[in-house]
Amino acid sequence: MALARKKCAALSLIVAAALTTSACQQQGGAPGTGDAASEEALPNADYQQVDPAQLRDGGNLTFPITDIPANFNSAHLDGALVDNSDLNAPQLGGPVRITRDGSWEVDPDYAESVEVVQDDPTVVEVRLNPEAVWEDGTAIDVEDYIAFWKALNGSDKQFQPASTQGYEDIRSIEQGDDEHHVVITFERAFADWPNYVGVSLPDERSSDPEEFNTGMAEEPMLSNGPFRARSVDARNGVVVFERNERWWGATPKLDTITFRVVSQASQAQAFANKEIDVVNIGTDGDAYRTAMDREDGRVYKSSGLLYTHLTMNATRGPLADRAVREAIGTALDRDVIGQAAVGPVEAPVVNVDNYVYMPGQNGYQDNSGGWLAQDPEAAQRILDDAGWAMDGDVRRKDGEALELTIVVPADTQSNAARAQQVQRDLNAIGFRVELETVPSDKYFSDYVTPRNFDMVTFSWQGTAFPVTTSANLFYPVDSPQNYFGITDDSIGEIYERATSELDPAARIGLANEMDGKFWGMRAMVPFYATPTVVGVSADIANLGAFQFSGAEKWTEVGYTG
């Protein structure tokens, strides 16, 4: 499987890592056979659908994670990970719920209504369900909204949020008729407002910087959903969730959900051995075959939101030269990388040519300008023209060798396989690329986040609100998720117009104009879109492969017999 990062820590309870590791990455595997990857598009949801009334009451579901998070707070910089997303899905919700097609609807468990009452600036009124409470019994109210917004809007530098995007565009949050009536006023017309009308922390946890930053380093976030954390055994890597006795909605079918740390390399075999009930296969061909061999298991496939990429630190060594970054993208064979990953799970290979929209999302178009059409000879000419001349088996310029490293997390086959292909392609034209393997649990905290790398390859997870959640990868230069170390100042102005544009067609045009600026930086090479491929025990219903979520409703996940 692989490591992945999510693009933002906003409303969609999706992760930030790519496939199983949360550091975003894809799965590896042997090269595909060619015909294995059909051209037929995958659905956006694939699972065994059963009326919850027909399911057995009770039971435990065992779900794998790759690590106990360094910080359970998914809104914190160190907590914006896929594992946290998986952990939080059964225990956190909000007024807006993302549907299987990527649109949204009001979730009546959390809100009686969500309504735009003014367009410019956008003003949204949320009337919370008065029965909605945190697991300790305190009401979800306007004070939670105010504190959460202040923690994430960047105004207090003591807080360390994963992203300030969107929250910094809110002018005020005020109480309306009562504490359950929340009035959110943006600075301007703001089209992605549905992504910012929920909270994932009570005010007690988001009003104090120390509590926000470190208070959830060893304990999960407080639940406002159908399940709550019962125990955390960090030593043995086990987190157990039980039914939340304060939950006011439909009674869950499951009694408990056990999250167990299993290395990515071992998860498929653990699924085959019936040690876990679910496995995120990603694009690991060996894992796919192993999961398929389980007699009482099923494998579901849907289109996905993850895409793998090569990110370059444009502040270090030769990578500070745009021509070097240009040559790298021109030299890489994305088709080989994609086919090696996606072919083995018998899914289509789709290269990503847009940083804002995922293939299949409304607005997607190819903005690469032909940069990533592999042409090693052209790549060599780019380097020659930039003064990087061959000197023996490596190029040099002004005495500096064209030497780079790719940091690779240990025990992530897909990440290593991608890095090795990048290494081969670049070394063939005069680079000297080495792989540096580091502990997987230190990959983001010690290398990616502090930009302690030349190049890294993991995955980003898209969202149903792609404009705001993609911009923070590239702008501003000090964005917590800008790992390139450079930006284009014109992005800010286009972003402002795009997020203020309420006409969908015009907004898509502006988003693609912004995407063109991203491409101009030549700082990231996107590879393939990762299909969602999930193995599930055959007697578990309403859980499977979803493009925008892990399950429609966690209260409806249960056993058929």
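The values are calculated or read from the model by the stated rules, or taken from the named source; none is laboratory data. Worth saying up front: this structure is predicted, and the values here are computed from it rather than measured. Every residue, glycine as well, gets a Cβ built from its backbone with ideal geometry; the counts of neighbours run over all protein chains shown.
Structure above, values below:
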{"read-out": "Lone qualifier among Q160, Q118 - being out of contact with any Phe, Trp or Tyr (no Cβ under 6 Å at 6 or more places or on another chain) and over 27 Å from N84 (Cα atoms)", "value": "Q118"}
{"read-out": "Segment 256-278, residues that are among the acidic types (D, E) and under 24 Å from the mean Cα position of the chain (by Cα)", "value": "D277"}
{"read-out": "Segment 425-454, subset among the basic types (K, R) and modelled with pLDDT of 95 or more, residue nearest to A80 (Cα to Cα)", "value": "R451"}
{"read-out": "Residue list for segment 333-355, restricted to those being modelled with pLDDT of 90 or more, closer than 24 Å to F518 by Cβ and surrounded by 24 or more Cβ atoms within 10 Å (Cβ to Cβ)", "value": "I337, G338, V352, N354, Y355"}
{"read-out": "Options V114, V96, V123, V106; residue that is free of Cβ contacts under 8 Å to residues at least 12 places away in the same chain and not charged (D, E, K, R)", "value": "V106"}
{"read-out": "Residue match in segment 407-430 (condition: touching a strand residue (DSSP E or B) at 6+ places or on another chain (Cβ under 9 Å), part of a helix (DSSP H, G or I) and of a type in the set (V, I, T))", "value": "yes"}
{"read-out": "Selection count where residues are more than 22 Å from E496 (Cα to Cα) and β-branched (V, I, T), scope segment 184-214", "value": "2"}
{"read-out": "Lone qualifier among T290, T283 - being surrounded by 23 or more Cβ atoms within 10 Å (Cβ to Cβ) and either farther than 27 Å from M221 by Cα or acidic (D, E) (or both)", "value": "T283"}
{"read-out": "Matching residues, segment 552-561, being assigned to a loop (DSSP other than H, G, I, E, B) and among the charged types (D, E, K, R)", "value": "E552, K553"}
{"read-out": "Of all residues making up segment 119-132, the number that are closer than 23 Å to A189 by Cβ and either buried (at least 17 other Cβ atoms within 10 Å of the Cβ) or of a type in the set (S, T, Y) (or both)", "value": "6"}
{"read-out": "Pick from segment 293-304, criterion crowded, with 17+ Cβ neighbours inside 10 Å and touching a helix residue (DSSP H, G or I) at 6+ places or on another chain (Cβ under 8 Å), ranking: farthest from D233 (Cα to Cα)", "value": "K301"}
{"read-out": "Selection status of T122, hydroxyl-bearing (S, T, Y), modelled with pLDDT of 95 or more and under 30 Å from P504 (Cα atoms)", "value": "yes"}
{"read-out": "Which numbered condition D83 fails, given (1) assigned to a helix (DSSP H, G or I); (2) within 30 Å of V183 (Cα to Cα)", "value": "(2)"}
{"read-out": "Test: F465 is closer than 23 Å to D119 by Cα, touching a residue at least 24 places away in the same chain (Cβ under 8 Å), buried (at least 24 other Cβ atoms within 10 Å of the Cβ) and within 16 Å of the chain's Cα centre (by Cα)", "value": "yes"}
{"read-out": "Top-ranked residue of segment 382-396 - restricted to ones that are out of contact with any helix residue (DSSP H, G or I) (no Cβ under 6 Å at 6 or more places or on another chain) and in a loop (DSSP other than H, G, I, E, B), ranked as farthest from A464 (Cα to Cα)", "value": "G392"}
{"read-out": "Residue match in segment 230-246 (condition: in contact with a helix residue (DSSP H, G or I) (Cβ under 6 Å, 6 or more places away or on another chain), closer than 29 Å to Q547 by Cα and in contact (Cβ under 8 Å) with a residue 12 or more places away in the chain)", "value": "no"}
{"read-out": "Filter result for L87 (more than 15 Å from the chain's Cα centre (by Cα) and either of a type in the set (V, I, T) or within 17 Å of F241 (Cα to Cα) (or both))", "value": "no"}
{"read-out": "Helices (runs of 4 or more DSSP H) wholly inside segment 133-219 containing at least 3 residues that are touching a helix residue (DSSP H, G or I) at 6+ places or on another chain (Cβ under 7 Å) and either crowded, with 17+ Cβ neighbours inside 10 Å or modelled with pLDDT under 95 (or both)", "value": "142-152, 203-206"}
{"read-out": "Set A36, A2: member being more than 23 Å from T99 (Cα to Cα), of a type in the set (A, V, I, L, M, F, W, C), at pLDDT below 55 and within 22 Å of the chain's Cα centre (by Cα)", "value": "A2"}
{"read-out": "For M514: the one exception among (1) over 15 Å from the mean Cα position of the chain (by Cα); (2) free of Cβ contacts under 8 Å to residues at least 24 places away in the same chain", "value": "(2)"}
{"read-out": "Flag for V232 being touching a Ser or Thr at 6+ places or on another chain (Cβ under 8 Å) and either crowded, with 19+ Cβ neighbours inside 10 Å or under 22 Å from D78 (Cα atoms) (or both)", "value": "no"}
{"read-out": "Failed item, numbered, when G399 is tested on (1) closer than 12 Å to E434 by Cα; (2) out of contact with any helix residue (DSSP H, G or I) (no Cβ under 7 Å at 6 or more places or on another chain); (3) of a type outside the set (K, R)", "value": "(1)"}
{"read-out": "Among the candidates A379, A373, residue that is assigned to a helix (DSSP H, G or I), on the phi < 0 side of the Ramachandran plot and hydrophobic (A, V, I, L, M, F, W, C)", "value": "A379"}
{"read-out": "Within segment 518-561, tally of residues that are closer than 30 Å to S223 by Cβ, of a type in the set (D, E, K, R) and in contact with a helix residue (DSSP H, G or I) (Cβ under 9 Å, 6 or more places away or on another chain)", "value": "2"}
